[in-house]
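*Asks:* Have a look at this one.
Each value in this text was obtained by applying a stated rule to the coordinates, not by laboratory testing. Remember, it's a predicted structure, so these values are computed and weren't measured experimentally. So basically every Cβ, Gly included, is an ideal-geometry build from the backbone, and we count neighbours across all protein chains shown.
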Amino acid sequence: MGTATHRDIVRTADGLHPISERADRLIAATALHLECPLITRDQEVATVAGLTTLW
């Protein structure tokens with residue numbers, strides 16, 4: 001697990017353009033930085049490269 005700062009997560013979220021909702025981008029970016037799967041049915045979130053989703 002990396003030592004991501006809030007700024008790193010916000011920068012990653014800013015680049016997640018396939019996700020239209022800002023809060024969802026922040027959640028996905030946090031999961032990416034923590035290197036953990038995200039439980040979601042949201043198809044926009046599931047398209048993020050490198051993000052593992054479960055449902």
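*Asks:* For Rg and Dmax of the Cα atoms in Å, pick the label among (1) 10.2, 29; (2) 12.2, 35; (3) 14.7, 42 that corresponds to the value derived from the coordinates.
*Replies:* Given (1) 10.2, 29; (2) 12.2, 35; (3) 14.7, 42, the calculated one carries the label (1).
*Asks:* Using R₀ = 25 Å, calculate the FRET efficiency as 1/(1 + (r/R₀)^6) where r is the Cβ-Cβ separation of W55 and H17; round to 0.05.
*Replies:* On the way: r = 22 Å, r/R0 = 0.89.
With a Förster radius of 25 Å, E is 0.65.
*Asks:* Continuing with this model, one more query. So what is the calculated 222 nm ellipticity per residue for the chain, using -39500 (n - 2.57) for each DSSP H run with n of 4 or more, over all residues, to the nearest 500 deg cm²/dmol? Please list the in-between numbers first.
*Replies:* Details: 3 runs with 26 residues, N = 55.
After summing the helix terms and dividing by residue count, I get -13000 deg cm²/dmol.
*Asks:* For L38, enumerate residues with amide H under 5 Å from its amide H, sequence gap 5+ or separate chain, H modeled in the peptide plane.
*Replies:* T52, T53, L54
*Asks:* Assign unit charges at the C-beta atoms only (+1 for Lys and Arg, -1 for Asp and Glu), then state the dipole size of the chain relative to its Cα centre in Debye, rounded to the nearest 20. Please report the intermediate quantities before stating the final value.
*Replies:* Working: 5 positive and 7 negative charges, 18 e Å.
In total the dipole reaches around 80 debye.
*Asks:* How large is ³J(HN,Hα) for each residue in region 12-18, as worked out from phi by the Karplus curve 6.51 cos²θ - 1.76 cosθ + 1.60 (θ = phi - 60°), to whole Hz, x for Gly and Pro?
*Replies:* Listing the rounded values in order: 5, 4, 4, x, 8, 5, x Hz.
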